[in-house]
Structure formats: C-alpha cells, structure tokens
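Below is one structure; the comments refer to it alone.
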Amino acid sequence: MKILIALTYYRPHTSGLTIYVERLARALADRGHTVTVLTSRYDRSLPREEHLHGVNVIRAPVAFRVSKGVIMPTIGLIATKLVRAHDVLSLHLPQFDASGIALRGRLMKKPAVLTYHSDLTLPPGLFNRLADKAVHVSNIVAARLSDTLVSYTQDFATHSPFLSRYLDKVRVIPPPIHVHTPVQAEIDAFRARWNPDGLRVIGMATRLAAEKGVEYLLSALPRVREVFPNIRVLFAGQHQAVLGEEAYARRLAPLIEREGDRWTFLGVLDQVHIASFFSNLDVLVVPSINSTETFGLVQVEAMMLGTPSIASDLPGVRQPVRMTGMGEVVPVRDGAALAEAIIRVLHDRERYLRLRADIEALFSTERTAERYEQVFEELLAALGHHSVNAPAQRSLVDD
C-alpha cells in the first residue's frame, strides 16, 4: 500500500503531533508499506527531500509565516503529484492545507483518513483571529471531504466542538506509544547529573507554551514545599525560542528564576535520556489548560517506566489516568488542587503504581499502526481496490 501522510511540521520539529506521526509513519513502513510524508520546509537548512527511517519525506518551501502557521505557495502542485501516486491519504489536523489535499483525494478517488490531534489556539490579535477562522473553515472542509476521522479517545471526540459534528465518521484509535527501557546504569548516570542530592522530583515533559499551564505548577510549588521541602522540578523539552511563545516565556521568566536551582531545564532529550528522565521522577504533571492538548503521550510513557501522572480534567487528557488508575486528575487552571494532588501522590506513591504489562496491553505503536492499516484496507475495499505493497517511489517533486 502506498500511503501519503500530510502535516504542517515533521521531524526534526518536536511536538506531540510530530512524535505521533513519526511513530506511525515508521511503523507503517516497517509493516511493508511505502510511506511518504508531505510537510513544510519550515527551516531552510532542511533538505527538500530525504529518506528517514524507511520513510520518504518531502518538504514544501515556506514563503512566510502566519503566527504558528506557514504559507507554502507550491504545496498544491506537490500534493497533486503525490496524491495521484498514492493509494490512501492520512491527514493530520491542525493543518491549513488539509482541505486542499482532501479535495484532491476526493477528485482522484483516493480515500482520506483525517486524524484530529487538537484545536488550534493562536495568540490574541485581530490578524490571528482571522487566521484562526480561516483554519477552522479549512478543517470543516477537510472533515467533510475525508472518509474517516480518527480521535485518540471517545472522550475527546464526544466533547470536541469540531469532532462531535462528525461522530458517525469517527474511529477511535489509541495513540502510538513507544519508550526505551533504560538499564540501571543509564538511570543512575542521569540521577548523578541532574539530581545528585537525591531530592524528590516533579517532572514536566513538553514545550514551554501557554497551553501547557506551566504557571499552575509554579503556583503549586510553595504549598508542596510546606509538606515536602526537598523538591525540585526537572523540565524536559524545548524551552527557548518556542515558535509563537516568546511573550509567554518572558512572563514566566521571573517566576522560574525565583526557583533558582530547584528548577532545571533539560532541553530536548533523545529516547535514551527521556526514558532515564521518566525513571527518575516521583511524579509527572500535565497541567494543560485547553483543548490544544488532547491526550498527553508523555503520561503513558512515564507510566510504562513506573511514574504516576497528574493531569488536568480535560477531555482526552484525563484518559490515561482514568484508564490505568496510575495518578490523579485535577481541575483545570487550579494550582491549589494540583498542589494537593502532588502531595497525595508523594505521600502514597506505591498506591498509584501498575505493572508495565498492564499499560502496554492498552497502548503500543504496533497496535496503532494495525488499526490505521485496517481502516485503510476497509476504505480501499469499499472502492473496489486491492492494496498492494510496492517499492519506494522515485522523486515526485521534480518530475
């Protein structure tokens, strides 16, 4: 089967969406399919085409940016060639260009599966409000033209103002989860570097972005330290030059500086180090504040390595804790409630632990790829097509 995956940002950009799509693309390629990712060349130092881990990556040139979005004048020409050359389309929202790609799929009778990862929330301002409306209209067009919509959980689909319009087309597919299993030497080396004095550790694994609710953890820390004085925070993920989040970073800077050496930014970690990070935490917190967060892949990764999670009571985001019992759910934008939940977990951490096998029975990258493959096969069969595996295609951009 030839599968075309389209999204705005792909690797090396780091976000929950890009990690999800990279895992899916690689798993489908490992299962024998020809997989092409159409994305933006958001950084001009990136090649226009390359082959990464069995996946063909084609990047459309970016003319300019609109807040977190990119404008790619030639993506229509590139998409026309690629849609014609593939059997099925896998589109990932939020993405302004998805509607045009879905239209090409409809005209060429190529089934389109649209995965809705989250809402898009742009910073305040008239121009951004107009851009937000344009993306919303594009999303609606893409949904109507797509054959199937994918949601991580039924919880999010039911509560989403967008997905709830199309529940008859929604298929629930749990997200792909993969985490390295660290050896003790890796865990010990991480601790020696980042927590040599053996303090209790609260972790966050995300970008420093407004929707992540970092300020609510900051507001919770004084209360937590009344009970557990020896607490530090380790923050894994991009924290500098986060696209569109400069003002947010400036606003939080004084609060973070006040924490001194009790707050440490680790930067973006590779698979080995992120696994050691999770293994060294007493608790992970996911205090997200809006529907730009729909699940929180890091929660399950941490759980697989024995770390409980505390998550906001948002549709989808609360599901890893509810499904596993491995943590607490707290009200949104409530630093006081977050503090008490952290205290409860630290007081009786063993009560929240579950076997890794129980977590893996619910989530895995292989399981996710199988479910997508099943949807693709069903849609092709409905059109009377038989999917076949094929060798990787030559360049389709410069024909």
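Key figures
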| quantity | calculated |
| --- | --- |
| Any pair with Cβ under 8 angstrom, 6 or more apart, that starts in the stretch 193-208 at a residue that is closer than 26 Å to SER15 by Cα and ends at one that is of a type in the set (A, V, I, L, M) and part of a loop (DSSP other than H, G, I, E, B) | VAL201/LEU281; ILE202/LEU281; GLY203/LEU281; ARG207/VAL242; LEU208/VAL242 |
| Residue list for the stretch 139-157, restricted to those being touching a helix residue (DSSP H, G or I) at 6+ places or on another chain (Cβ under 6 Å) and within 16 Å of SER118 (Cβ to Cβ) | ALA142, ALA143, LEU149, SER151, THR153, ASP155, ALA157 |
| Only listed residue being crowded, with 16+ Cβ neighbours inside 10 Å, small (Gly, Ala, Ser), farther than 25 Å from ARG344 by Cβ and not assigned by TED's automatic domain parsing to the domain that holds VAL345, chosen from ALA249, ALA157 | ALA157 |
| Residue selected from the stretch 66-103 under the condition free of Cβ contacts under 8 Å to residues at least 60 places away in the same chain and not hydrophobic (A, V, I, L, M, F, W, C), by the criterion nearest to SER15 (Cα to Cα) | SER99 |
| 3 or more residues among the acidic types (Asp, Glu) and in contact (Cβ under 8 Å) with a residue 60 or more places away in the chain: qualifying strands (runs of 3 or more DSSP E) within the stretch 274-375 | none |
| The stretch 202-216, subset farther than 18 Å from GLU259 by Cα and out of contact with any strand residue (DSSP E or B) (no Cβ under 8 Å at 6 or more places or on another chain), residue surrounded by the most Cβ atoms within 10 Å (Cβ to Cβ) | ALA209 |
| ALA382 vs. criteria closer than 30 Å to PRO161 by Cβ and touching a Ser or Thr at 6+ places or on another chain (Cβ under 9 Å) | no |
| Residues satisfying the stated conditions in the stretch 12-37, i.e. closer than 22 Å to ALA85 by Cβ and not aliphatic (A, V, I, L, M) | GLU22, ARG26, ASP30, ARG31, GLY32, HIS33, THR34, THR36 |
| Elements of type strands (runs of 3 or more DSSP E) contained in the stretch 1-79, each with 3 or more residues being more than 23 Å from LEU130 (Cβ to Cβ) | 2-6, 34-41, 49-52, 55-61 |
| Filtered residue count, the stretch 164-187, keeping only those that are part of a helix (DSSP H, G or I) and either closer than 27 Å to GLN271 by Cβ or in contact with a Gly (Cβ under 8 Å, 6 or more places away or on another chain) (or both) | 4 |
| From the options LEU314, LEU379, LEU338, residue that is buried (at least 17 other Cβ atoms within 10 Å of the Cβ), over 27 Å from GLY213 (Cα atoms) and either of a type outside the set (Asp, Glu) or modelled with pLDDT of 95 or more (or both) | LEU379 |
| Output for the stretch 232-249, where each listed residue is free of Cβ contacts under 8 Å to residues at least 60 places away in the same chain and either touching a Gly at 6+ places or on another chain (Cβ under 8 Å) or farther than 24 Å from ALA339 by Cα (or both) | VAL233, LEU234, PHE235, ALA236, HIS239, GLN240, ALA241, VAL242, GLU245, GLU246 |
| Count - residues of the stretch 107-153 that are modelled with pLDDT of 85 or more and either surrounded by fewer than 19 Cβ atoms within 10 Å (Cβ to Cβ) or of a type in the set (A, V, I, L, M, F, W, C) (or both) | 15 |
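The values are calculated or read from the model by the stated rules, or taken from the named source; none is laboratory data. Please read these numbers as outputs of a predicted model, since none were measured by experiment. Don't worry about glycine lacking a Cβ; one is built from the backbone with ideal geometry, like all the others, and counts go over all protein chains shown.
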